[in-house]
1. Y27's amide H: which non-local residues (gap 5+, or another chain) put their own amide H closer than 5 Å, with H modeled 1.01 Å from N in plane and none for Pro or chain starts?
2. Tell me which trypsin sites (Lys or Arg not before Pro) from the chain have a DSSP coil assignment and no more than 15 other beta carbons within 10 Å of their own.
3. Counting only protein heavy atoms and using a 1.4 Å probe, what share of the accessible area of the chain belongs to carbon plus sulfur, as a whole percent?
4. Give me the mean projected area, in nm² to one decimal, of the convex hull enclosing the Cα positions of segment 1-81.
5. Amide H of A43 versus every other amide H placed in the peptide plane: which residues, excluding those fewer than 5 positions away on the same chain, fall under 5 Å?
6. On the first, second and third principal axes, largest extent first, how far apart are the outermost C-alpha atoms of segment 47-105 in Å?
7. Grab the beta carbon distance between T56 and I95, set R0 = 35 Å, and tell me the FRET efficiency rounded to 0.05.
8. Would you tally the net charge around T87, using a Cβ to Cβ cut-off of less than 12 Å, leaving T87 out, and scoring K and R as +1, D and E as -1?
Amino acid sequence: RTVSLVDPTNHDSQLDYALPDSGEPMYFGLSPFKNELWVADRANEQLLILKMAGATLSLDGTIPIPAGPFHAIITQTKTSMYPIMYTICDIAKVIVAHDVTTRRY
């Protein structure tokens, strides 16, 4: 169970990042202005925050979330003062909004 970075010009895999604790990546959100990839880990009921530097990823934090993360999206624009990561959890039947800047919900 990995997250892969792929070169969009030739489709070659640049990196395969193994999620900790046999994580199960479902969806992800990209925060381009913070160079972060937020990955919903269904198996461990958490968001993994991966810092991107070139073709490398490193774990920068985790946030516990309700059971069953199924879908996720980050709403962020260059002028957005409050980028939000929405996580839809089908087992808990909730939608959680996380502040990307403070990493709280």
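1. Counting only residues 5 or more places away or on other chains, the set is A40.
2. Numbers: sites: R1, K34, R42, K51, K78, K93, R103, R104; in loops: R1, K34, R42, K78, K93, R103.
Those satisfying the criteria are R1, K78, K93.
3. Values: 3400 of 6110 Å².
Carbon-and-sulfur percentage of accessible area, whole number: 56.
4. Details: hull surface 23.5 nm².
The orientation-averaged projected area of the Cα hull of segment 1-81 comes to 5.9 nm².
5. Placed amide hydrogens put E24 under 5 Å from A43.
6. 36, 27, 17
7. Values: r = 32 Å, r/R0 = 0.90.
It comes to 0.65.
8. Values: positive: R42; negative: D41, E45, D90.
Every neighbour counted, the sum reads -2.
The values are calculated or read from the model by the stated rules, or taken from the named source; none is laboratory data. Just so we're clear, the structure is a prediction, and the values are computed from it rather than from any experiment. Every residue, glycine among them, receives a Cβ derived from its backbone with ideal geometry; neighbour counts consider all protein chains shown. Just the protein is used for accessible areas: all its heavy atoms, side chains included, with ligands, DNA and RNA removed. Shrake-Rupley method; radii C 1.70, N 1.55, O 1.52, S 1.80 Å.
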